[in-house]
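Structure record follows, encoded as structure tokens.
The values are calculated or read from the model by the stated rules, or taken from the named source; none is laboratory data. What you are looking at is a predicted structure, and each value in this text was computed from that prediction instead of being measured. Here Cβ is always computed from backbone atoms with ideal geometry, including for glycine, and neighbour counts include all displayed protein chains. Quick note on the areas: whole protein, heavy atoms, side chains included, nothing else; ligands and nucleic acids left out. Shrake-Rupley method; radii C 1.70, N 1.55, O 1.52, S 1.80 Å.
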Amino acid sequence: MQATLTPVAEAFHQLPEARPLPCGVTAHLVDPSHVRPARALRFDRHDRISRARHSGWYADEGQFEILTGFVYAYADEPDDEDDDPPATYYALVESNDTDCHYLDPDAYDDPVAAAHAADRMAELVAELERECDAIRNRAIEARSELTEANRIRREALDVLRHVRACPADAQSLGPAFARLWRQGLAGRHRAFDIVDEHRPPPRDRPFDPERTPTRDECHADAWRDGWDCAAD
């Protein structure tokens, strides 16, 4: 980078400290209202600068949230000796669904380089978010399946208790008990199959807000989040 580049902290306001993310990049996690530079010459989507064939990356299984790379161009105030100051370019990732945006802590003297950096950052963040969303959804699916299976089993046991209290109804209610019991058992098997296939290893360390979680810890947290969500 050239010495004329404006540091990101001087061009943007109220920036939190840049921190490493579990996906392998370092970024400022910023609110959209904090990322407008005082003198923005241009604000373009990455593909309009680099001619990429896509505009963003899906961040969830349902393909609802999209993370898109953007490039800001910024210029210092001109002085008497330089009426056309060089621009500095910054890479930013924005979500179309949340206020969690990411700002690259580096500055670039080339808009195409900034566009590639923004797109790559969006790709890496979105990839991890898709993984976590998939794990979260499998946990919800497994616990919901298990909850429904246990409800059916309780219904079957109610039928069995009635038959024991009233043996005369055994012939008429016996098939209903067998059907419900088989349904409940099949549902439990489906739930346990999902757990066996998709549940990541649990965390081996407690959550620490001061430390960047690993990718595996993010997966474990996503499973726990989905499992707890399904209980509500």
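The table for this structure:
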quantity: Estimated vicinal HN-Hα couplings, Hz - the range 65-75 in sequence order (Karplus 6.51, -1.76, 1.60; Gly, Pro = x); calculated: 8, 10, 9, 10, x, 10, 10, 9, 10, 9, 9
quantity: Check: the chain dipole with +1 on Lys, Arg Cβ and -1 on Asp, Glu Cβ, in debye; calculated: 2400 debye
quantity: Order of exposure, largest accessible area first, which applies to ASP225, ASP169, ASP133 with probe 1.4 Å; calculated: ASP225, ASP169, ASP133
quantity: Reported label for calculated Cα Rg over 2.2 N^0.38 Å given [x] 1.54; [y] 1.00; [z] 1.08; calculated: [x]
quantity: The chain, helix-only ellipticity at 222 nm - DSSP H runs n ≥ 4, -39,500 (n - 2.57), divided by all residues, nearest 500; calculated: -16500 deg cm²/dmol
quantity: From phi via Karplus (6.51, -1.76, 1.60), per-residue ³J(HN,Hα) for the range 131-143 in Hz, x at Gly/Pro; calculated: 4, 5, 5, 5, 5, 4, 5, 5, 5, 4, 4, 5, 5
quantity: Residue with peak Gaussian network fluctuation, the chain [Cα springs, cutoff 10 Å], from CYS100, CYS23, CYS132; calculated: CYS100
quantity: PHE64 accessible area, assembled protein chains, probe 1.4 Å, Å²; calculated: 140 Å²
quantity: Stretch in the chain that is longest and holds no trypsin sites (Lys or Arg not before Pro) that DSSP places in a loop and that have at most 11 other beta carbons within 10 Å; calculated: 54-210
quantity: For the range 95-178, average projected area of the Cα convex hull in nm²; calculated: 9.0 nm²
quantity: Long-range HN-HN contacts of HIS13 with modeled amide H, under 5 Å; calculated: ARG36
quantity: Per-residue HN-Hα couplings for the range 150-167 [Karplus 6.51, -1.76, 1.60; θ = phi - 60°; Hz; x = Gly/Pro]; calculated: 5, 5, 5, 4, 5, 5, 5, 5, 4, 4, 5, 5, 5, 5, 5, 7, 10, x
quantity: Area accessible to solvent at VAL112, 1.4 Å probe radius, in Å²; calculated: 50 Å²
quantity: Cleavage-rule hits (chymotrypsin sites (Phe, Trp or Tyr not before Pro)) in the range 136-232: DSSP loop, at most 12 neighbouring Cβ within 10 angstrom; calculated: PHE207
quantity: Spin-label model distance (nm) - GLU148 vs ARG211, 7 Å beyond Cα toward Cβ; calculated: 3.9 nm
quantity: Excluding exposed DSSP-loop GluC sites (Glu not before Pro) (at most 10 other C-beta within 10 Å), longest clean stretch of the chain; calculated: 82-209
